[in-house]
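One structure is given here, and the rest of the page talks about it.
The values are calculated or read from the model by the stated rules, or taken from the named source; none is laboratory data. Quick caveat: nothing in here was measured; it's all calculated off a predicted structure. Cβ atoms come from the backbone with ideal geometry, glycine included; neighbour counts cover every protein chain shown. Accessible surface areas use protein heavy atoms only, side chains included; no ligands, DNA or RNA. Shrake-Rupley method; radii C 1.70, N 1.55, O 1.52, S 1.80 Å.
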Amino acid sequence: MMVLVGCNAPVQEKDISQKADSVLRLLSLEEKIGQLNQLRGRPTTPTNTKDARYVIEDEIRAGRVGTFLNVHPLEEKMAFQKIAVEGSPHGIPLIFAMDILHGFRTTFPVPLGEAASWDVPGIERSARISAIEGAAVGFMWTMAPMVDISFDARWGRVMEGAGEDPYLASLIAKARVKGFQGDDLALPNTILACAKHFAGYGQVLAGRDYNQTVISQRFLHDYVFPPFKAAHEAGVGTLMSAFTDYDGIPANASHYLLTEVLREQWGFQGPIISDFNSLEELVNWGVVSSVKDAARMGFNAGTDIDMMGLVYIDHLADLVREGKVKEATIDTAAKRVLIAKFKLGLFDDPYRYFTPGLDEDTWLTPAHRQHAREIARASMVLLKNEEDLLPLSTGDYGTIAVIGPTDADAINLMGTWSAWGKPGNVVGIVKGLREASGAQVLFAEGCNQQGTADPALMRKALETAGKADLVVLTLGEGWRNSGENTSLAKITLPQVQIELAQQVQKMGKPVVCVLFNGRPMAFPWLNENMPTILEAWLPGTEAGNALADVLFGKYNPSGKLPMTFPRHAGQVPITYLEKRTGRPYKQGKNYTKYLDMPNEPAYAFGYGLSYTTFEYAGIRLDQDKIGFTDTLKASVTIKNTGDYLGREVVQLYASDLVASVSRPMKQLIGFKRIELQPGGEEEVDFKVTSQDLRYWNKDMIYQADPGEFKLFIGTSSAEGKEVVFTLE
Ligand code: BGC
């Protein structure tokens, strides 16, 4: 029997809390624990002995499951919901979750790529569309956004985040939360978001996934927490703990992270979920000796929901009976899950997300595809255009050869975590270029994506290139090489791809090198030898059209790197956020440096060229001293000095010259995207207050210090104008 608590008007927090209490009172201890148990749908192949342990329908009927991950198709969700609502003791509806990160059927660039657009409203729209398309087949909760900051390109999961900078990543985290959740979670096309992975996962030692971390409390506060805090301030409904530890304690068992920070300091109210099976893995961490103790430790630390670990359902009731876990804490956790269900409107109508056929009206609509095209082209970053080969003119090249393994399989254009995106719906590179140019477009892969040499493929590629007037060389790492569990010690391109590039280069034809990858890579040979390089990331459904728009100048590239591209893996972790040190770079012999390599990366954070050029005049301040409650206006005039209409991301960085702890030499505190006609100029004004200059001081208080600050305004973290002012 379903509990009747209907309501039509938008429900207030207090009403919801009372309603959740009224449901909670009816539940037995086991049923309350059931709300904390997340199971997954039927795996296509049994991969986990846990799946064989239970019959899903029986678990639902017994009220032993509260939420599901990955139940497909819609009919199965409907059937499960029917059992929950009509056949379980108190008819509590289920929530169905999935990892919807960068689109659903229509796919957008991988999140790191999208971040390169710096187009925050555009990124919000991607999340909105992802929610609409996912909700159309009954998903109500996404395990996104991933907001982990990382300075380490070896860690393949950088692809899922927004890069290295906490300010940019915070704006993007907010936008994604707003996009997924919309204004009213009870609408059937808005879904719960889940900010993950709290906290510090992006700092895995040596860039190796699932490894330990070595981070300080200050590091957490300076870099790791801000995007989570931003997601929380944007109202994110749920949070996920990390697979990693903080200071020796695994995150899902960290009372400090989950309870002290999230609950007590920030006031986060939603459920916190463990990562997949990670509670059981506390045994592997060596912090408990049994799975039962893992349940106790994780739960008492603050993990509300157990994702596919079965440790709560197996042990929490006994732990309550033994006095090791308080029933009141179980009530609080179960109530959080019930509140989420109320917010989603499921107690009003548990089937509200289930409208058969809705997918046909919502998936891959022209508007969704148009957005996919716009955000994909806005995310592309022009790394080099030394000979002004780009933009290409249609008509200049009768035959174009697309050479390289990427286009051989459209999945390489989407990446992992691409939800229900289908390679068959992707506009490939050849197709996109053919349509845009009217030229004859030939294709040869040259080598396979795995990087194994095949002389026949190479021969064919060179033959094909020989017939062309222009070669578009498509290189990169393929879809499988970034995402979870894809750490690399070598972040270079496979040797066979370099050989391909060398052979093609020798032919003396114009070559545009386009890179498709989910992480920053190191490609020294290309940097030295290829005059034209475009970073395209893994662009999603509209890949070919977006690329053609950029190559043929329909869109003038405006993307800026959200993460530093090193010269070599030996430089990582690397970030523009370097702090001052006692022996700073370039001050004599004993400065911080490598013997065998410059300190500078190949391409700095915030870097990205345009087909036009922008000239920055010096910064003008409306005053050179401000008080703590004043606002400083910093202005700079930017002129489009080239021949094309262009978009520029004007970046504002600040530096605290003397603080109670060593501070970064530069830190992003603002940016504006502007558009200028050739010859056009615009004054860009930034407002700076003491709020923007706060930091975690030596006593871990977040405040600004009086003193001198430097402001930088420029086209990247490495190039701009600077000025000093005083806060007093
Ligand atoms: C990942 C999470 C993801 C979960 C469910 C885990 O392996 O770390 O990010 O949400 O699986 O798919």
As a percent rounded to 5, the proportion of antiparallel DSSP bridges among beta bridges in the stretch 363-571 is 15
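So, by mean Cβ neighbours within 10 angstrom, what's the order for 594-602, 654-662 with the highest one leading? It would help to have the intermediate numbers written out before the result.
Working: 594-602: 13.2, 654-662: 16.1.
Result, highest mean Cβ count within 10 Å first: 654-662, 594-602.
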C-alpha long axis of helix 13-24 to longest principal axis of the chain, angle in °: 50
What spacing in nm lies between the two simple spin-label points modelled at LEU29 and GLN217, each 7 Å away from Cα in the Cβ direction? 3.6
Between 0 and 90 degrees, rounded to the nearest ten: what's the tilt of helix 120-135 against the longest Cα principal axis of the chain? 40
For the pair GLN703/ASP51, report the inter-label distance in nm, with labels modelled 7 Å from Cα in the Cβ direction. 5.6
Bridge type composition, the stretch 192-295 - antiparallel percent by DSSP, nearest 5: 40
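Counting Lys +1, Arg +1, Asp -1, Glu -1, what net charge surrounds GLY138 among other residues with beta carbon under 12 Å of its beta carbon? Numbers along the way, then the final one.
Values: positive: LYS77, ARG352; negative: GLU75, GLU76, GLU133, ASP359.
Local charge sum for GLY138: -2.
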Computed [θ] at 222 nm, helices only, for the chain once each DSSP H run of length n ≥ 4 contributes -39500 (n - 2.57): -7500 deg cm²/dmol
Suppose all protein chains stay in the model; what accessible area per residue would a 1.4 Å probe give for the chain, in Å²? 37
Between ASP469 and ARG61, the FRET efficiency computed from the C-beta separation at R0 = 56 Å comes out, to the nearest 0.05, as 0.25
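May I ask you to derive the FRET efficiency for LYS422 and GLU528 from their Cβ-Cβ distance with R0 = 56 Å, giving the value to the nearest 0.05?
Working: r = 39 Å, r/R0 = 0.69.
The value I calculate is 0.90.
Taking only C-alpha pairs under 8 Å that are 6+ residues apart, what is the relative contact order of the chain in percent?
Details: 1796 pairs, mean separation 96.4, N = 728.
RCO, the chain: 13 percent.
Over the stretch 282-413, calculate the relative contact order: mean separation of alpha carbon pairs under 8 Å at least 6 apart, over the residue count, as a percent. Write down the numbers at each step before the final one.
Details: 40 pairs, mean separation 15.2, N = 132.
Relative contact order here is 12 percent.
Rule-of-thumb check for the stretch 30-188: C-alpha Rg over 2.2 N^0.38 Å? Don't skip to the end; give the middle numbers.
Details: Rg = 17.7 Å, N = 159, 2.2 N^0.38 = 15.1 Å.
Normalised Cα radius of gyration, the stretch 30-188: 1.17.
Would you please put 549-555, 359-365 in order of how densely packed they are, using the mean number of other Cβ atoms within 10 angstrom per residue and starting with the highest? Please report the intermediate quantities before stating the final value.
On the way: 549-555: 21.6, 359-365: 16.4.
Highest mean packing first, the order is 549-555, 359-365.
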Expressed as an acute angle from 0 to 90° and rounded to the nearest 10, what is the orientation of the C-alpha long axis of helix 495-506 relative to the principal long axis of the chain? 30
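GLU675: net charge of surrounding residues, Cβ under 11 Å, Lys/Arg +1, Asp/Glu -1, itself excluded?
Working: positive: ARG647, LYS672, ARG673; negative: GLU648, GLU682.
Charge balance in the 11 Å sphere: +1.
Taking all protein chains as present, what is the carbon and sulfur share of the accessible area of the chain, in % to the nearest whole number, probe 1.4 Å? Don't jump to the answer; show the numbers that get you there.
Numbers: 13240 of 26930 Å².
Reported share for carbon and sulfur atoms: 49 percent.
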By the C-alpha gyration tensor axes a ≥ b ≥ c (rounded if a/c is under 1.5, else prolate when a/b exceeds b/c, else oblate), the shape of the stretch 614-727 is prolate
Accessible area of ASP152, 1.4 Å probe, to the nearest 10 Å²? 10
With an 8 Å cut-off on Cα pairs and a minimum separation of 6 or more residues, tell me the relative contact order of the stretch 363-571 in percent. 35
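Provide the packing ranking of 67-78, 387-398, i.e. peptides ordered by the mean count of other C-beta atoms within 10 Å per residue, highest first.
Values: 67-78: 18.7, 387-398: 14.5.
Order by mean packing, descending: 67-78, 387-398.
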Give, to the nearest whole percent, the P(r) tail of the stretch 161-265 beyond 23 angstrom, counting all Cα pairs. 27
Keeping to pairs on different chains or 8 or more places apart, tell me how many lysine pairs in the stretch 530-646 have Cα atoms under 20 Å apart. 4
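Can you say what percent of the DSSP beta bridges in the chain, counting only those with both residues inside, are antiparallel? Round to 5. Mind showing how you got there, number by number?
Numbers: 50 of 89 bridges.
Here the antiparallel bridges make up roughly 55 percent for the chain.
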Taking loop as defined by DSSP and a crowding limit of 14 other beta carbons within 10 Å, which trypsin sites (Lys or Arg not before Pro) in the stretch 437-480 fit? LYS467
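How long are the three semi-axes of the equivalent ellipsoid for the stretch 455-535, computed from the Cα gyration tensor as the root of 5 times each eigenvalue, in whole Å, largest first? Show your work: numbers first, answer last.
Values: eigenvalues 114, 38, 23 Å².
That gives 24, 14, 11 Å for the three semi-axes.
Rounded if a/c is under 1.5, else prolate if a/b is larger than b/c, else oblate: which is the stretch 363-571, with a ≥ b ≥ c the root eigenvalues of its Cα gyration tensor?
Numbers: a/c = 1.30, a/b = 1.03, b/c = 1.26.
Rounded is the answer for the stretch 363-571, as its axis ratio a/c remains below 1.5.
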How large is the Kirkwood hydrodynamic radius of the stretch 538-579, counting all unique pairs of alpha carbons, in Å? 13.0
So for the stretch 283-389, using the alpha carbon gyration tensor with a ≥ b ≥ c as root eigenvalues (a/c under 1.5 gives rounded; past that, a/b versus b/c decides prolate or oblate), I'd call it oblate
Just name one of GLY432, THR355, LEU257: the one whose Cα is farthest towards the positive end of the charge dipole of the chain (beta-carbon charges, Lys/Arg +1, Asp/Glu -1). LEU257
The Cα extents of the chain along the principal axes, largest first and rounded to whole Å, are 75, 64, 50
